[in-house]
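Asks: Structure provided below as structure tokens; questions to follow.
Bear in mind that the values in this text are calculations on the coordinates, not laboratory data. If you're wondering where the values come from, they're calculated on a predicted model, not measured in any experiment. Quick reminder, even Gly has a Cβ in these numbers, built from the backbone with ideal geometry, and neighbours come from all protein chains shown.
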Amino acid sequence: MTLNELAGRIGAAVRGEGAKVVGGCAGLEEAGPADVSFLSNRKYASMLATTKAGAVIVSEADAAQAPEGLSLLVAKDPYFAFRETVIALHGYREQPPAGVSPLAVVDPTAALAPGCCVQPYACIGKNTKIGARTVIYPHCYIGPDTVVGEDCILYPSVTIYDRCVLGNRVTLHAGCVIGQDGFGYATHKIAGEEVRHHKIPQVGNVVIEDDVEMGAACTIDRGTLGPTRVGRGSKFSDMVAIGHGTTVGKHNLLVAQVGIAGSAQTGDYVVMGGQVGVAGHLKIGSGVQIAATAGVMSDIAPGEKVGGQPALPLDQAKRNVLAVMRLPDLLQEFRKLQRRVTELETAARQGEKG
């Protein structure tokens, strides 16, 4: 489509050749004359001078830095406008057509709404309910008495244990496991036996609300008694692990390898960078931002930004990191001072003897 047509679709203003035709999206470095790129991080602003893109989506502020001759699509939120551009030019990933493969195993008591797609070697247990237009890829397992909402996508090898509940438009990427037993053991010595870790039966379930998406290989423990809950609109990257009885609030963003221990609670719009660890039974307030690799060992008030191990206010955590980086130089200075003090003490003793 032309830039003028695209601008109308994404709510941007054209500066440059509005009749230019574009057909795809690419990064600033890789884009060619028929591609649309974007700039949302000013760290890459210098690439505006070298990009070969047919047009670049930018903010009003960044448009002033663009060189002459570069066509621009000026938007209030360039990243969201780029998202809309990808949809306009590439569309969503195409899903397979409706129908149940004869190679799938579907219990006779399961209820599948119209438009479902169940691919080969998927297994659907008794009394399970699958909503309209949901797609279940090969080798998925959905346990008994589970409810899966409408327009969900379960990619290959997703496992959902019994009695779990998924809302509408939930996407689980390959290898996710929902509802496995939580990590609960009572360490006890029975007379005549050695001390053992005795398993506590996990009789709760997992509830995933509408519009949640999880990357590959995420794992959500079922609650010991009640549900483990993931709030509406939350998005997980790959390999996120949520412990039993935890409540994740609405619209949380959890980056890869985040681990939240059991019975923790997060508010709404919480953001956790990669490899953040949260101890059990903690409360993380709404709007909290936690820097990558942080170790959270205490409650965090709403709106706080924290980092480090243990997690501290972000400014303090940055100062701590800078201080640690200076330790080799400080140690060298300290050794120089030690030698100087030794020299002065030796000189003083010799002066006393003289």
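Asks: Roughly what % of Cα-Cα distances in segment 69-220 sit above 28 Å, to the whole percent?
Replies: Roughly 37 percent, once rounded to a whole number.
Asks: Put a dot 7 Å past each Cα toward the Cβ at L103 and H198; how far apart are the dots in nm?
Replies: Distance between the two pseudo-spin positions: 4.7 nm.
Asks: Comparing M214, M47, M325, which has the greatest mean-square fluctuation in the GNM of the chain with Cα pairs linked when under 10 Å apart?
Replies: Most flexible of the set in this elastic network: M47.
Asks: Give the residue list of trypsin sites (Lys or Arg not before Pro) in segment 271-354 that are DSSP loop and have at most 15 other beta-carbon atoms within 10 angstrom.
Replies: Here the trypsin sites (Lys or Arg not before Pro) that fit, given the DSSP loop and packing criteria, are R326.
Asks: Also, quick follow-up: Any idea what the dipole of segment 3-90 comes to, in debye rounded to 20, about its Cα centre with Lys/Arg Cβ at +1 and Asp/Glu Cβ at -1?
Replies: 100
Asks: While we're looking at this one, here's another question. Would you look at the GNM of the chain, springs on alpha carbons closer than 10 Å, and say which of S286, S71, S101 moves the most?
Replies: Looking only at S286, S71, S101, the largest GNM fluctuation is found for S71.
Asks: Keeping to pairs on different chains or 8 or more places apart, tell me how many lysine pairs in segment 99-315 have Cα atoms under 28 Å apart.
Replies: Pairs that pass both the separation and distance tests number 11.
Asks: Given R₀ = 30 Å, FRET efficiency for Q65-D315 by Cβ-Cβ distance, to 0.05?
Replies: Computed FRET efficiency for Q65 and D315 comes out at 0.55.
Asks: Under the 0.36 nm per residue contour assumption, what length would be gained going from the current alpha-carbon distance of K126 and V21 to full extension?
Replies: Stretched out fully, the K126 to V21 stretch lengthens by 32.5 nm.
Asks: Mind checking which aspartates and glutamates have their Cα closer than 13 Å to the Cα of K318? Skip sequence neighbours fewer than 8 apart in that chain.
Replies: Straight-line reach from K318, under 13 Å: no aspartates and glutamates qualify.
Asks: Return the ratio Rg/(2.2 N^0.38 Å) for segment 223-273, where Rg is computed over Cα atoms only.
Replies: For segment 223-273, the normalised Cα radius of gyration is 1.02.
Asks: Something else about it: Of the DSSP beta bridges with both residues in the chain, give the percent that are antiparallel, rounding to the nearest 5.
Replies: Close to 15 percent.
Asks: Give the value in nm², to one decimal: projected area of the alpha carbon convex hull of segment 236-354, averaged over all directions.
Replies: Projected area, direction-averaged: 9.8 nm².
Asks: A follow-up question, please. If the cut-off is 13 Å between C-alpha atoms, which aspartates and glutamates fall inside it for K43, apart from same-chain ones fewer than 8 positions away?
Replies: Correct list for K43: D62.
Asks: Let me ask you something else. In the chain, if the dipole is taken from +1 on Lys/Arg beta carbons and -1 on Asp/Glu beta carbons about the Cα centre, which of V270, I57, C140 is farthest to the positive end?
Replies: Toward the positive end, the furthest listed residue is V270.
Asks: Let me ask another. Nearest-5 percent of antiparallel DSSP beta bridges in segment 3-90?
Replies: The answer is about 25 percent antiparallel.
Asks: If you take the alpha carbon radius of gyration of segment 99-315 and divide it by 2.2 N^0.38 Å, what ratio comes out, to two decimals?
Replies: 1.08
Asks: While we're on this one: For segment 82-136, which chymotrypsin sites (Phe, Trp or Tyr not before Pro) are both in a DSSP coil and crowded by at most 14 other Cβ atoms within 10 Å?
Replies: Here the sparse-neighbourhood loop sites are Y92.
Asks: Set Lys and Arg Cβ to +1 and Asp and Glu Cβ to -1, take the dipole of the chain about its Cα centre, and tell me which of Q350, N252, N127 lies farthest positive.
Replies: The residue sitting most towards the positive pole is Q350.
Asks: Report, to one decimal in Å, the Kirkwood hydrodynamic radius for segment 5-124 based on all distinct Cα pairs.
Replies: About 16.6 Å, per the Kirkwood formula over Cα pairs.
Asks: Would you kindly derive the ³J(HN,Hα) couplings of segment 259-266 from the backbone phi angles with the Karplus curve 6.51 cos²θ - 1.76 cosθ + 1.60 (θ = phi - 60°), listing them in order in whole Hz, with x for Gly and Pro?
Replies: With the stated coefficients, segment 259-266 comes to x, 10, 6, x, 6, 7, 9, 10 Hz.
Asks: Among the GluC sites (Glu not before Pro) in segment 147-241, which ones are in a DSSP loop with at most 15 other Cβ atoms within 10 Å of the Cβ? Mind listing them?
Replies: E193, E194
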